[in-house]
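A short worksheet on the structure shown next.
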Number of protein chains: 2
Amino acid sequence: MSDSDRPTPPRMGRQPLTTRADISHVALQLFLEHGFEQTTVDDVARAAGIGRRTLFRYFPSKSDLPWGDFEAKLSRMRAFLVDTDVSVPVVDALARAVVEFNQFPLEEVPYHRERMNLLLNVPALVAHSSLRYAEWRRVVSDFAAGRLGVSADALEPTTIGWVFLGASLAAYEQWLKDDDSDLIELLESAVLLLRVGFSPIPVAPVRPAVGA
Amino acid sequence: MSDSDRPTPPRMGRQPLTTRADISHVALQLFLEHGFEQTTVDDVARAAGIGRRTLFRYFPSKSDLPWGDFEAKLSRMRAFLVDTDVSVPVVDALARAVVEFNQFPLEEVPYHRERMNLLLNVPALVAHSSLRYAEWRRVVSDFAAGRLGVSADALEPTTIGWVFLGASLAAYEQWLKDDDSDLIELLESAVLLLRVGFSPIPVAPVRPAVGA
DNA sequence: TTTCTTTTCGGCACTCAGTGCCACTAGTCT
DNA sequence: AGACTAGTGGCACTGAGTGCCGAAAAGAAA
């Protein structure tokens, strides 16, 4: 902690030529212009002014390019959940976190829309994204597990992880279909479906078994 | 329908050398023995006694090999749902379909277990599987949409698709962790979580709007 | 300044998945 | 036999991703 607050840590060695964000933007531009499959990694590297080999040091795969710095977003979500007061029920906390996680500055919204359009429609990206989603689910299930006092690998927290992911992506699909729709509203609608459950017969409120 | 009931339709042209199922079995054997990444497509082709080029006519990608004939399973599930009496509520019908879909003859269970172990743990397969899962979700959301009288792309059916997929996979994860667990029981537990919903405050039973 | 050390850069060569092309093989039908 | 049809597989090619290694660019020490 003594070296994390240095303003401009004068690092050793050569300075990086570019940033993950820069490369990601250049790549997205090309993907939107010519399509994901039609764009080669060499194209991206050339457009970004770096060598192909260097690009693969910034991003482990072509499919990671549209994601940018996802790990940073996950950290923010984790922090948001940790900061949530324990009096807030698990589902409410997660509902708020989902909304928070998908809030973007107005000028970034069209850009984000195009990005998600690719991620949810290009087969190679759909496939690869599931690995990112797994990390996201882990954040959710870790939180739920902590609150429920069970292992993060148990049935309930993992199901909660899946179910919130599903609701979020279902909301995104709607959002992408309609230019005038509001992502946050859709997310809230989807989470509401989770809340009420899918039981056709109204279920009696479950009373925690005493002494279990 | 006049040619679908011929006992041995004397086809034209050369007879296929092998079957999807055969290749899939051979591949799975090698994947379990040496690992998925360590096994090349050439290895599989050689072991199956066919050319590499031929293998890619039976399966569009290496990652499809462990899935075998998934389309056939989907068709069975679709048929099961269509045959379900309309008096059975949507969620019940889906719960039964999920169970039906994951029922295997006893002798195939250990084999299925290893297969799912690969599919849920090898990153390349995890990624690719999401494309198969999308087809599965489509079966679910089509059914739900039909029952609810809305488009299959609408928020509710797609959410139902996601949520049932999530519950199923959460159950599978538990099953794989414990040799003595029962997949069907776990699936039912997971679906029960969906039924009751995740609302912390008991939600008033939703009465269907009369005349809607 | 020179030299040392550290870090990034990127060329080269390689493996492997997946594809288009095309000739070959093994069957059925006249 | 000859025509037709469908499966096979070799060959060559593209493109993603990796290991290796020397070059470039920075700070630190001499």
(request) Take chain B, connect every pair of alpha-carbon atoms lying under 10 Å apart with a spring to form a Gaussian network, then pick out the residue of B:Ile50, B:Ile160, B:Ile184 with the largest mean-square fluctuation. (result) B:Ile50
(request) Compute the label-point distances linking A:Arg96 to its equivalents in the other copies; points lie 7 Å from Cα along Cα→Cβ; give nm, one decimal, shortest first. (result) 4.3
(request) For region A:20-67, take the alpha-carbon Rg, divide it by the Kirkwood Rh, and send me Rg/Rh. (result) 0.90
(request) Using a 10 angstrom cutoff on alpha carbons, build the Gaussian network for chain A and name the most mobile of A:Gly197, A:Gly51, A:Gly68. (result) A:Gly197
(message) Can you give the local net charge around B:Leu55? Use residues other than it whose beta-carbon is closer than 14 angstrom to its beta-carbon, Lys and Arg +1, Asp and Glu -1.
(response) +2
(message) Need one value for B:185-198: mean number of C-beta atoms belonging to other chains within 10 Å of its residues' C-beta atoms.
(response) 5
(message) Can you work out which chain A residue has the shortest Cβ-to-axis distance for the rotation that carries A onto B, and give it in Å?
(response) A:Gly197, 1
(request) Have a look at A:His34, A:His128, A:His112 and tell me which one the Gaussian network model of chain A (Cα, springs below 10 Å) gives the largest fluctuation. (result) A:His34
(request) Could you calculate, for region B:34-177, the ratio of the Cα radius of gyration to the Kirkwood radius, expressed as Rg to Rh? (result) 1.02
(request) Output, in nm with one decimal and in ascending order, the distances from the A:Val82 label point to the matching label points of the other copies (7 Å from Cα along Cα-to-Cβ). (result) 5.3
(request) Rounded to whole Hz and in sequence order, give me ³J(HN,Hα) for region B:43-51 from the Karplus expression 6.51 cos²θ - 1.76 cosθ + 1.60, θ = phi - 60°, writing x for Gly and Pro. (result) 4, 5, 4, 4, 5, 8, x, 10, x
(message) Suppose you put the label 7 Å out from Cα in the Cβ direction; list, shortest first and in nm with one decimal, how far B:Ser181 is from each other copy's label.
(response) 3.3
(request) For the protein assembly as shown, just the Cα atoms, rotate onto the principal axes and tell me the three extents in Å, largest first. (result) 78, 60, 45
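Just so you know, all these numbers are worked out from the coordinates, no wet-lab data involved. Fair warning: this is a prediction, and the values are worked out from it, not measured in the lab. Cβ coordinates were reconstructed from backbone atoms using ideal geometry, including for glycine residues, and neighbour counts include every protein chain displayed.
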